[in-house]
Structures are given as C-alpha cells and as structure tokens.
1. Against the definition (in contact with a helix residue (DSSP H, G or I) (Cβ under 6 Å, 6 or more places away or on another chain) and either over 22 Å from residue 45 (Cβ atoms) or surrounded by 14 or more Cβ atoms within 10 Å (Cβ to Cβ) (or both)), how does residue 154 come out, yes or no?
2. For the stretch 49-159, which strands (runs of 3 or more DSSP E) that fit wholly inside it have 3 or more residues that are in contact with a strand residue (DSSP E or B) (Cβ under 9 Å, 6 or more places away or on another chain) and within 24 Å of residue 24 (Cβ to Cβ)?
3. Looking at 87, 102 in this structure, which one is touching a helix residue (DSSP H, G or I) at 6+ places or on another chain (Cβ under 9 Å) and within 23 Å of residue 36 (Cα to Cα)?
4. For residue 85, only one of the following conditions fails: (1) surrounded by 17 or more Cβ atoms within 10 Å (Cβ to Cβ); (2) at pLDDT below 95; (3) within 21 Å of residue 17 (Cβ to Cβ). What is its number?
C-alpha cells in the first residue's frame, strides 16, 4: 500500500489543456479548455487557485471566450490527508460544501451544492501528480447523474 503524499508534493503552478464532454446532451461538441492551477502550501493547509478558459466554438482566435476563476483555502483536519474549506458554508443556502483529500498521488477536491429547486450537484476534481505535472479529471453530477467530464494533462510551469 502506497503512502499518501504530503500537500507540499503538489506545490507549484501547472498549465495545460483539457477535453470536456457532455454526458447528457449528445449534440454537445467536445471542447478544448485551457486550464491553469496553482497549489501553495500554507502551514498545515494550502491555497488552491484555478482558472479555465473556454473559447466559444473552439476558435482560439475568437474574442468571445468564457473564463472561470476560483480560489480556495483549505485547512488541515484531524485526519492527516483530509482538508476542509476555510469558508463558511451552508449548502441549503446556496453555498457549496467543499473539502479536499489526498489519496496516494491524487489530490481530490469535492464540492457539493444544493440548488434552489432542491436538486444537488456534486463536482469532483482529481489532480494526480506525474513526473511532468498533473493529470486532471473533473466530473459534475446532478442528482446522481453524470452531466459533464473533463480530462487533461497539465505541465509544471517554472515561474
């Protein structure tokens, strides 16, 4: 049985691309997304920021792009490989419940959100450490049904 890596092993800046697939809408074309991830250990916890850029219609030269940026801080818990989000949460008030864990070489972040219509969404980001960077695998489930997945490779960026 392999030991879980410490959070410091994941430290760094990573960039690359991912391929998104819609598991429900068969007319959804696979799309390429630029992905940027920064993991910064801080005491017993860590800061995680990530950005995704989606070029509409897959055209990298087109000015019409969609960008998502997120940043979270995670604090250590009494469980060595589990971290809790440092934000106040109330899933029933529209705030996601977010936590992270390390298993072997994979840092996983889970986000659970309850929508106003009482449906729920579960997003999972697996970031597996490789010799070259990170392998990314994202899933989004709505009421237990897989809606979207993204897989990609991110290289370590020397800042």
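The values are calculated or read from the model by the stated rules, or taken from the named source; none is laboratory data. It should be emphasised that the depicted structure is a prediction, and the values quoted were computed from it without experimental measurement. Backbone-built Cβ (ideal geometry, glycine too); neighbour counts: all protein chains shown.
1. It is false that residue 154 is in contact with a helix residue (DSSP H, G or I) (Cβ under 6 Å, 6 or more places away or on another chain) and either over 22 Å from residue 45 (Cβ atoms) or surrounded by 14 or more Cβ atoms within 10 Å (Cβ to Cβ) (or both).
2. The qualifying strands (runs of 3 or more DSSP E) are 65-76, 106-114, 120-129, 133-142, 145-157.
3. 102
4. Unmet condition: (3).
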